[in-house]
Amino acid sequence: MLNPNGKFRGFLRILKESVTGSERDFTRTSIRNAIILLSIPMVLEMLMESIFALVDIWFVSRLGNDPIAIVGFTESFMTIIYSVAVGLSTATTAVVSRRIGEKNREGASVAAFQAIAAAMAFSAVVSVPGIIYAKELLMLMGVSEVSAEEYYGYTSIMLGSNCIIMLLFVMNAVFRSSGDAAVSMKVLLIANGINIVLDPLLIFGYGPFPELGIEGAAIATVIGRGVGVAIQLWILFSGKKRVALVKNQLKIKWDILKELVKLSTGGMAQHLIATSSWIGMVWIIGNFGSAVMAGYTIAIRIIVFVILPAWGISNAASTLVGQNLGANQPGKAERSVWIIGFVNSAVMGFIGLIIIVFSSQLMSFFTNDAAVISAGITALTIISSGFVFYAFGMVMIQAFNGAGDTRTPTLVNIVCFWMMELPLAWFLAMNQGFDEEGAYFAILISESFMTLLSIYLFRKGRWKLKKV
C-alpha cells in the first residue's frame, strides 16, 4: 500500500537537500529529483540577482531624478559587460557540465580556470577606459556636462569593477553546471545581504559612515559582490566541491580557452539580440504617447521579474543536458528537457493567469495615473497570455546551450526577434492601425513561434552530436 506521508516526507527531504546542497551524481539520479535539486536553488539565485538592481534603484530614487538617470545610462554601458558575462557563463556551463558527466573532475576544474582567466582578461580591457573616460561616456549619451561632472564617479566605479561581475557570473556557472547549484544561491544571498545593509549607510551617511550619495550605491554593490567572489574562490580552492582548483591546474590551456571563447560568442549574441530587440520595441511603442510608454515600462519590469523562476528552471535543463551527454546518456538528456519544458510551462502558465487576473492591482502598486494603469494592463494581459508557450521555448534554448550548441539558439533569436518580432510589431502597430496592442501581439506571436521552431530543431537531435 502506498504511504502518502512517506512520500511527502521524502519530498520535503529533497527540498531541504536542494537548498542546503547536494552531492548526488545527477546522471544517476531520477529525472524528477534532479530537476527539483537543481531548479529550486537556481530559481532562488535568479531572484537574488534581480534584487541587486531593485535595491540600488530603490535607494538611489531618494536622491532625485538625475541620479536615477545616471544609473540608467550606466546600465546601458553595463549591458555589454553582462552580455559577455552571460556568454562566458553559457560556455562554462556547457564545458564543465560535460566534463562532470564524463566523471572527469580534473577536466572540469581545468575548464573552470580557463573561464576565470578569460573573464579577468576581458574585464581588464574594459576597466581602464571605463575608469578614465566615465565622464566622457556619460556626455556621449547626452548627459549634461554639469551632471556628468557631479555623478561620473558612480559610472567609473561600476565599469572599473566589472571584473567582480564577470567572476561572479562565471563561477556561479561553474557551481551550477557541476551540480552544486545551492552554492551559487548562498553566495548571492550573502552578497545581497551586504548590499542591502551598506546601501543606505553609504548613500545617506548614517552613523559613522560618510555620505557618498550615488557613489555609495556603487561601492555597496562592489563590496557585496566582491565578498561573494571571495567566497566563491575560497570554496574552489578549498577542494571540497566537485570542481576544485589546485596549483598544477592554474595554467592556460589554449585549446580549452579557444573553445570557451568560441562557445561564448553564441551566448553573447543571444543576449545582445534579445536586448536590442527590446530597444527597437521601445522606439515603436514610444510613438503612442508618454502614458502608453510608462505603462509598457512598468509592465515589462513586472514581466522580467516574474519570469525569473522560468529562467532558473531552464538553467536546470542546461546542466542536465551537459552532464548526461558527458555520461553518454543522450536519451536521458532528451527526456529531462521534455519534462522540464512541461514543468516550466505549467509554472509560467499559472503565473501568467495570476498576472492577467490581478493586472490592475499590480499596476496600481507602481502608479496612480489611470491612463498609465490602463496601458499597463493591456501590455500585461496580452504578453503574459503567451507565458505558457514562451516558458517551453526557454527550456529548449537552454538545452541547446547546455549541449554546447550556442549557434542554433543564436539563429533562432535572429529569426524570431529581428526578422519577425520587430517588423511585425511595426506592421501591426504603425501600418495596420492596431497601435500599441499590435506591438504586444507581435511579441506574443514571435515568442510562440520561437518555441515551435526550437521544438522542431530539438527533435531533429543534432545537438546530441555536439562535441565540447
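Here, each number is a calculation from the coordinates, and none is a lab measurement. Please read these numbers as outputs of a predicted model, since none were measured by experiment. With ideal geometry, Cβ positions are generated from the backbone for all residues, glycine too; neighbour counts draw on all protein chains shown.
Structure notes:
- Net charge in the neighbourhood of Ser144 (other residues with Cβ under 12 Å of its Cβ; Lys, Arg +1, Asp, Glu -1) is -3.
- Dimensions in Å of the chain - Rg and Dmax from alpha carbons: 22.3, 76
- Pairs of Cα atoms nearer than 8 Å and 6+ residues apart set the relative contact order; for the chain it is 20 percent.
- Positive contributions from Lys and Arg (+1) and negative ones from Asp and Glu (-1), summed over other residues with Cβ under 14 Å from the Cβ of Phe52, come out at -4.
- DSSP-loop chymotrypsin sites (Phe, Trp or Tyr not before Pro) across the range 89-151, with at most 16 other Cβ within 10 angstrom: Tyr133
- Scaling against 2.2 N^0.38 Å puts the C-alpha radius of gyration of the range 29-252 at 1.09.
- From most to least packed by mean Cβ count within 10 Å, the peptides 308-320, 245-257, 178-190 give 308-320, 178-190, 245-257.
- The range 240-247 - phi-based ³J(HN,Hα) in whole Hz, Karplus 6.51/-1.76/1.60, Gly and Pro as x: 9, 10, 4, 9, 9, 9, 10, 4
- Each 10 Å bin from zero up to the one holding the largest Cα-Cα distance in the range 327-425 carries the following percent of pairs: 15, 30, 31, 18, 5, 1.
- Environment charge of Gly326, counting only residues whose C-beta is closer than 10 Å and scoring Lys/Arg +1, Asp/Glu -1: +2
- Pairs of lysines in the range 29-252 whose Cα atoms sit within less than 30 Å of one another amount to 11, provided the residues are eight or more positions apart or on different chains.
- Alpha-carbon Rg/Rh ratio, for the range 56-120, with Rh computed the Kirkwood way: 1.28
- In a reduced charge model with +1 at each Lys and Arg Cβ and -1 at each Asp and Glu Cβ, the chain shows a dipole moment near 2880 debye about its Cα centre.
- Highest-first arrangement of 456-464, 418-426, where packing means the average Cβ count within 10 Å: 418-426, 456-464
- Dipole magnitude of the range 265-468, debye to nearest 20 (Cβ charges: Lys/Arg +1, Asp/Glu -1, about Cα centre): 1100
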